[in-house]
Amino acid sequence: MAEQKSCQDCQQKHDCMEAYKKLGDFKGPSVLPKIIVAFLLPIVVFLVSLAVFDGFIAQAITLRSVSIVSGLLFSSACSFVFVLAARFIVKYFNAGGGGQE
């Protein structure tokens, strides 16, 4: 990795390089599953529930603006319930109630 111009005149550049090297060599558990559960799955749940509720609500309510708002509310509620359930499951497994630590 090439040194940046701001690092060339710095008297502590060797300490910085050592710190970045240690951070780059850090071996730990992957955070990818947590990222997927925390960010991607709630969006997917929202979009899928919006598509499902849009089909049901469009048949029940003839006024389009009311059906859009109610679909958004129901989908938001589904996403909120999913997030709460995911938090409960994560806390359950992290507390040693059946998962790995």
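Before moving on, here are some points about what is shown:
To keep it simple, each residue is scored yes or no on (1) modelled with pLDDT of 75 or more; (2) in a loop (DSSP other than H, G, I, E, B); (3) farther than 30 Å from N94 by Cβ; (4) over 17 Å from the mean Cα position of the chain (by Cα).
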residue	(1), (2), (3), (4)
E3	no, yes, yes, yes
S6	no, no, yes, yes
C10	yes, yes, yes, yes
C16	yes, no, yes, yes
K27	yes, yes, no, yes
S30	yes, yes, no, no
P33	yes, no, no, no
V37	yes, no, no, no
L40	yes, no, no, no
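- Taking the stretch 42-71 as the range and being surrounded by 15 or more Cβ atoms within 10 Å (Cβ to Cβ) and modelled with pLDDT of 90 or more as the test, the residues that pass are P42, V45, F46, S49, L50, S70, G71.
- The conditions of being among the small types (G, A, S) and touching a residue at least 40 places away in the same chain (Cβ under 8 Å) are met by A86.
The values are calculated or read from the model by the stated rules, or taken from the named source; none is laboratory data. Treat the numbers as computed from the prediction; the structure is a model and nothing was measured. Cβ: placed from backbone, ideal geometry, glycine included. Neighbour counts: every protein chain shown.
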